[in-house]
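Working notes for the structure below.
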Amino acid sequence: MRKNIYTALIIPIIFTACSVDDTPIAPPIASSYKLVEILADPGDGSGTFETVTSNKQLTFYANGTITSNGNLCQISIDSDYPSTGTYNSDSLFIQSDSCSNRRISYAINGKTLTLSRLCREPCREKYQKIEPL
């Protein structure tokens, strides 16, 4: 008898404690970023990030898409070859004429976004957050 009473009390608590929230949550990355540094190691491990002057920008949208005014397929400071793609929690997937479906990993540390490409030596770009969306 006690078992039935406990069961009758516990089941409503379980169902009321769990609620479904269908409100989409924008990922914290949803912002624009400007290229500020590039690392291209010569192959001996001596490479360091170098400050660059560039107008290249990335914009991440809450719907999982990304746009850039520059070519994301290669490390470049140029902002004359737009590219687009999608992203998930750890990677970008670029759709471009020059590198369809290339995967680029990224990491965020504060307001700094670092893109890392597969290269024989370290190949990275650092971007600084410029505005939230």
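Laboratory data are not the source of any read-out in this text; all were calculated from the coordinates shown. Treat the numbers as computed from the prediction; the structure is a model and nothing was measured. With ideal geometry, Cβ positions are generated from the backbone for all residues, glycine too; neighbour counts draw on all protein chains shown.
Tabulated values for the structure
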read-out: Count of residues meeting criterion [more than 17 Å from LEU39 (Cα to Cα) and among the small types (Gly, Ala, Ser)] in the range 71-118; value: 9
read-out: Within the range 41-90, considering residues that are closer than 16 Å to TYR106 by Cα, small (Gly, Ala, Ser) and surrounded by 17 or more Cβ atoms within 10 Å (Cβ to Cβ), the one farthest from the chain's Cα centre (by Cα); value: SER68
read-out: Enumeration of residues in the range 105-126 that are surrounded by 13 or more Cβ atoms within 10 Å (Cβ to Cβ) and among the charged types (D, E, K, R); value: ARG117, GLU121, ARG124, GLU125, LYS126
